[in-house]
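Trainee: Have a look at this one before I ask anything.
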């Protein structure tokens, strides 16, 4: 009889230990799940530059219009401040692409808030074209600085002077790479189209407005 009681007691003891171990395991599992659930791994952008949005996705913002500058139709530059984040950024407006806004309304809206969407991207800004160490441009030659990059190769896409409001797409190619630019082709560039030249340029960030609305 004593042996039977000991056996029954041992069985209950084993079952109790197993239940405790299973409960402890479940608690650890739930704790791990809760920990994963509250961990935010999102990398939020520090600014509005292209490096923060590498995929060029559409970004929606609200900001205070500080300055409106006419860049020659159809382009304009808007300086927008973000008071809460204590910084400001420049944005490019193409009036041929964003047709539901009038430039005169924007120029009169300094100090008002704008609701807008934009795409941020990298672009190569052509600064000078040289042949044998001299600028091919007769006027408006920009001094070359150490910060500028350069490529020596064949100039393509400059077969005629730009006739419209939009810049042409030109490129410079060699055996290692091709660099593309958007630029208003001049008479001097046409002369060197298909020939080997050296282009000095800067890599810049362009914030292109897609939608814009003036808030009242």
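Trainee: Take the Cβ-Cβ distance between residue 147 and residue 182 as r, set R0 to 22 Å, and report the resulting FRET efficiency rounded to the nearest 0.05.
Mentor: On the way: r = 20 Å, r/R0 = 0.92.
Efficiency, rounded to the nearest 0.05: 0.65.
Trainee: For residue 165 and residue 117, FRET efficiency with R0 = 22 Å and r from the beta-carbon atoms, rounded to 0.05?
Mentor: Details: r = 23 Å, r/R0 = 1.05.
Here the calculated transfer efficiency is 0.45.
Trainee: Once you sort the root eigenvalues of the Cα gyration tensor of region 124-204 as a ≥ b ≥ c, which label holds: rounded (a/c under 1.5), prolate (a/b larger than b/c) or oblate (the other case)? List each step's numbers first, then the result.
Mentor: Numbers: a/c = 1.30, a/b = 1.19, b/c = 1.09.
Rounded shape, in that the Cα axes give a/c under 1.5.
Trainee: Quickly work out the residue 140-to-residue 205 label distance, labels modelled 7 Å from Cα along the C-beta direction, and quote it in nm with one decimal.
Mentor: 2.7 nm
Trainee: Same structure, new question: Could you check how many percent of all C-alpha pairs in region 159-216 are farther apart than 18 Å? Please list the in-between numbers first.
Mentor: Working: 805 of 1653 pairs.
Here the tail beyond 18 Å accounts for 49 percent of pairs.
Throughout, read-outs are computed from the coordinates displayed, never taken from laboratory work. Everything quoted here is computed from the prediction, not taken from an experiment. Positions of Cβ are backbone-derived with ideal geometry, glycine not excepted, and every protein chain shown enters the neighbour counts.
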